[in-house]
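A quick write-up on the structure given underneath.
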Amino acid sequence: MTGYDPVLLDGVRKALEEEKTTVVARFAALSAQDPFADPDRLTDNAASDADAFEESNHDRVSAQTDELKAQVMAIDDALVRIGNGTYGFCVNCGNMIDTDRLAILPTATQCLDCEHKKKK
């Protein structure tokens, strides 16, 4: 299997590592905003509307942190594929993923044909 130019892959790897650093920092900052992270929360006697507000904020933070975790996993998977020489190849059909697609979505695992088949 002939892959992409090693210089190109090195640039992609560096960009993915930088993106991972950014996502991890956003995750940490967002996690600190979670009202459920406050250890005093369980012992305070907040009004029920305050509890509802905290619950709503926790749900929002939780959804966003779940998305950030998924981004980190996709980045880690892409870095593994770069390391083992399978980056840029569709996991379904084995064809090379178009470089324009990878430029937009460097964590892509499928070519456009397979992606469209999956959505049908």
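Fully extended, how many nm does the chain gain between GLN33 and ASP5 (0.36 nm per residue separation, minus their Cα-Cα distance)?
So the chain would gain 5.9 nm between GLN33 and ASP5.
Apply 1/(1 + (r/R0)^6) to the Cβ-Cβ distance of ALA63 and ASP98, taking R0 = 35 Å, and write down the FRET efficiency to the nearest 0.05.
Efficiency computed from Cβ-Cβ geometry: 0.65.
Using a Cα-Cα cut-off of under 18 Å, which lysines could be cross-linked to LYS69, ignoring same-chain neighbours fewer than 8 residues away?
Filter leaves LYS20.
Scan around ILE97 for amide H atoms under 5 Å from its own, H built in the peptide plane at 1.01 Å from N, and keep only partners 5 or more places away or cross-chain.
The answer is PHE89, CYS90.
Every number here is computed from the coordinates shown, using simple stated rules; none is lab data. Note that the structure is a prediction, hence the values are computed from the model and not measured. Every residue, glycine as well, gets a Cβ built from its backbone with ideal geometry; the counts of neighbours run over all protein chains shown.
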